[in-house]
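In what follows, a single structure is set out as structure tokens and then discussed.
The values are calculated or read from the model by the stated rules, or taken from the named source; none is laboratory data. Computed from a prediction, not measured in an experiment: that's the story for all the values here. When we count neighbours, we look across all protein chains shown, and the Cβ atoms used for this are built from the backbone with ideal geometry, even at glycine. Ligands, DNA and RNA are excluded from the accessible area calculation, which covers all protein heavy atoms including side chains. Shrake-Rupley method; radii C 1.70, N 1.55, O 1.52, S 1.80 Å.
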Amino acid sequence: MVLFWLRTGRHETRADFKYHKSNPFRSPDPGGSDFRGHRAFRGIGAAPQSAASTIPGDWRKCKKYAKEEMIRIENLEKSYKNIHALKGISFRVPKGELFAYLGPNGAGKTTTIRILTGLTRRTSGDAWLGGFHIEEESLKTKRKFGLVMQSINLDQELTISENMDIHCRLFNMSPVDRRKKTDELLAYVDLVDRKKSLVKQLSGGMKRRLMIARAMVHSPQILFLDEPTVGLDAQIRRRIWALIKKIQNRGTTIFLTPHYIEEAEFLADRVAFLDEGKIVVIDTPQKLMEQTGTWAIDRIDGDQMEPVYFKTRPDADTFIAKQEESYTLRRVNLEDSFLSFTGKKVIC
Amino acid sequence: MLNGFIAVYLREVLILKRRIKRQLLTMSVSPLLYLIAFGYAMGDTVRFDGHTYMEFLIPGLIAMSSMTQAFAISTDINVARFYWHIFEEFQAAPISDAAYVAGEVMAGMTRAFISVGVILIIGLFFNVSLAYGNPLFWLAIGLNSFVFASLAVGLAMLVKSHADQSMLTSFIITPMAFLGGTFFPVDRLPVWAQDIIYLLPLTHASKVIRQTAFGILPDSSHYLLLAIIGVLFFLLALKCVSQARD
């Protein structure tokens with residue numbers, strides 16, 4: 001029996017959700033339009049491309065936009081005793097971009113964020129945020145970004161406004177600014193009515209929204225979001241996504257490590273695939289998916305489900321016609337791209 | 001630096017305010033038990049330099065309590081670091097390590113002074129009132145709490161878990177509390193034992209707190225020593241906070 005599970009409308013939804021703005025940094029065509037050959041569509045075992053060959057080159061060479069790069073990383077490495085967590089990663093994120101950083105557990109995503117935000121020291125390499133070196137000008141760098149960590153790091157025994165107030169004071173904000181920005185941001189994340197509530201009385205979604213508001217209160221140019229929707233139900237998750245988009249529309253550069261891969265697909269302007277401490281590829285979600293194929297058939301092979309990718313629907317139909325086993329036909333998603341580039345599943 | 005210090009200190013004060021009833025109760029229990037068990041039990045039969053044992057004990061308890069309460073900030077830092085991950089919020093903020101350490105040390109000292117206030121009030125119920133108006137008495141308490149709050153911040157950065165934290169209390173604070181001249185006059189011990197006990201900062205603090213409470217002019221070398229140890233522990237705390245980035 002052939003089972004067709006067609007996820008129609010996925011791309012339409014994505015197109016509706018994705019705002020369209022003139023972004024000079026949107027990748028032109030990173031690796032040319034070669035589709036990596038039909039054999040490569042077989043997903044598992046596909047040869048990874050080098051980061052250098054896939055970083056969209058146009059904006060990187062363009063001096064006009066050089067000043068606008070908000071994150072710049074050059075050969076960043078981090079080792080913990082016998083573990084080589086980051087193996088010389090390099091990339092740049094221009095102003096206003098939502099950059100998603102994707103990889104399996106232990107790939108080095110959180111390590112990268114921790115180094116960029118001053119929580120962990122690098123072993124070698126360099127990084128700049130908003131033009132300031134992360135270690136040599138660390139205090140200036142820290143004014144440039146807001147950070148939402150994976151774990152809830154709020155003071156549970158304090159109220160929402162007390163949490164905000166302490167954060168504002170850390171950023172040397174005047175009393176007037178503290179009040180004004182706190183009210184503005186709490187209204188922005190729909191928590192203004194709860195500002196006298198203790199944090200421990202809030203739901204998980206409210207705590208996440210508060211963490212985002214707190215990270216934004218000093219008007220940072222860059223916002224680091226480390227799995228901001230972990231542990232939240234689908235409805236709240238989408239609310240957080242809308243909030244993230246709203247923040248990006250204010251001109252904030254966002255560096256996101258998503259917990260759910262569709263987060264990157266829906267939200268990101270560009271995505272980096274990170275695997276075993278190395279950048280495998282960087283491109284727009286659309287380009288990455290196109291490089292993998294358009295249609296995917298999940299074929300059960302023993303204990304494994306092996307996806308096979310096709311450029312066109314007729315190619316997929318031809319393949320299906322020859323099969324006798326059970327199949328699922330669907331559109332290619334970002335997880336397929338990750339699988340095809342690294343040969344690994346993303347288990348965030 | 002000042003804003004960072006105020007933010008760190010304010011956070012601790014707000015938390016302390018939320019827990020104040022529990023804290024006051026905790027701060028009262030041990031001194032009360034010591035005063036009942038040792039102070040009443042000894043009665044007037046034991047006298048040191050013309051003072052009753054109750055009068056001798058209260059300055060010792062003040063030294064001990066200011067030490068334990070100042071050091072207790074390490075548990076709060078430990079919980080904030082490993083359980084609530086609040087420490088990351090400070091690490092990612094544009095504040096210096098010195099501002100963070102100073103804020104936490106000041107919070108530890110605040111707790112120490114509150115605990116001293118509790119003991120003074122309890123002492124009044126036992127009809128003990130000493131020369132508490134002497135500024136040198138308060139200076140000694142300040143230095144003692146500065147020493148142990150600084151040590152607490154440094155050690156809180158070195159420990160790797162909650163379990164390590166309780167080990168610190170068992171191996172550092174508890175022996176010091178009993179041996180640091182709190183319950184008995186160190187001068188009556190054999191010289192070799194005195195040499196060892198005078199290595200403990202609490203011994204110097206107990207001595208000057210007791211002397212000033214009795215209206216005796218203390219030896220300034222004890223203050224100097226406490227100040228030097230305090231500064232060294234503060235520098236150690238700075239180094240440990242900086243190294244906590246790995």
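The table that follows gives values for the structure above.
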read-out: Net lengthening on full extension, B:Asp164/B:Lys21 (0.36 nm per residue, minus Cα-Cα); value: 48.7 nm
read-out: Percent carbon-and-sulfur accessible area, the range A:49-294, ignoring ligands, DNA and RNA, probe 1.4 Å; value: 47 percent
read-out: Order of exposure, largest accessible area first, which applies to B:Phe234, A:Phe91 with probe 1.4 Å; value: B:Phe234, A:Phe91
read-out: Alpha-carbon Debye profile of the range A:49-294, log10 I(q)/I(0) at 0.11, 0.12, 0.13, 0.17 Å⁻¹; value: -0.58, -0.69, -0.81, -1.33
read-out: Charge dipole magnitude, Cβ of K and R +1, D and E -1 - the protein assembly as shown, Cα centre, debye nearest 20; value: 1420 debye
read-out: Entries of A:Lys144/A:Lys207; B:Lys160/B:Lys207; A:Lys81/A:Lys200; A:Lys87/A:Lys142; A:Lys78/B:Lys17; A:Lys109/A:Lys245 with Cα pairs more than 30 Å apart; value: B:Lys160/B:Lys207; A:Lys81/A:Lys200; A:Lys78/B:Lys17
read-out: Relative packing of B:119-127, A:204-212, which averages over residues the other C-beta atoms within 10 Å, highest first; value: A:204-212, B:119-127
read-out: Directionally averaged projected area (convex hull, Cα atoms, the protein assembly as shown), nm²; value: 33.2 nm²
read-out: Kyte-Doolittle mean at least 1.6, axial Cα span of 15 Å or more - DSSP H helices of chain B; value: B:135-158, B:220-243
read-out: Relative contact order for the range B:2-243, counting Cα pairs under 8 Å that sit 6 or more residues apart, in percent; value: 27 percent
read-out: Residues of the range A:168-194 buried by at least 20 Å² on assembly (accessible area, 1.4 Å probe, chain alone as reference); value: A:Arg169, A:Leu170, A:Phe171, A:Asn172
read-out: A versus B: buried accessible surface, summed, Å² (probe 1.4 Å, to nearest 100); value: 2700 Å²
read-out: Cα-based shape type of the range A:191-235, given that a ≥ b ≥ c are square roots of the gyration tensor eigenvalues and the cut on a/c is 1.5; value: oblate
read-out: Largest-first ordering by accessible area, 1.4 Å probe, given options B:Trp192, B:Trp138, A:Trp241; value: B:Trp192, B:Trp138, A:Trp241
read-out: The range A:100-237 shape via C-alpha gyration tensor axes, a/c threshold 1.5; value: oblate
read-out: Solvent-accessible area per residue for chain B (1.4 angstrom probe, square angstrom); value: 43 Å²
read-out: Nearest-10 value in Å² for the accessible area of B:Phe5, using the 1.4 Å probe; value: 40 Å²
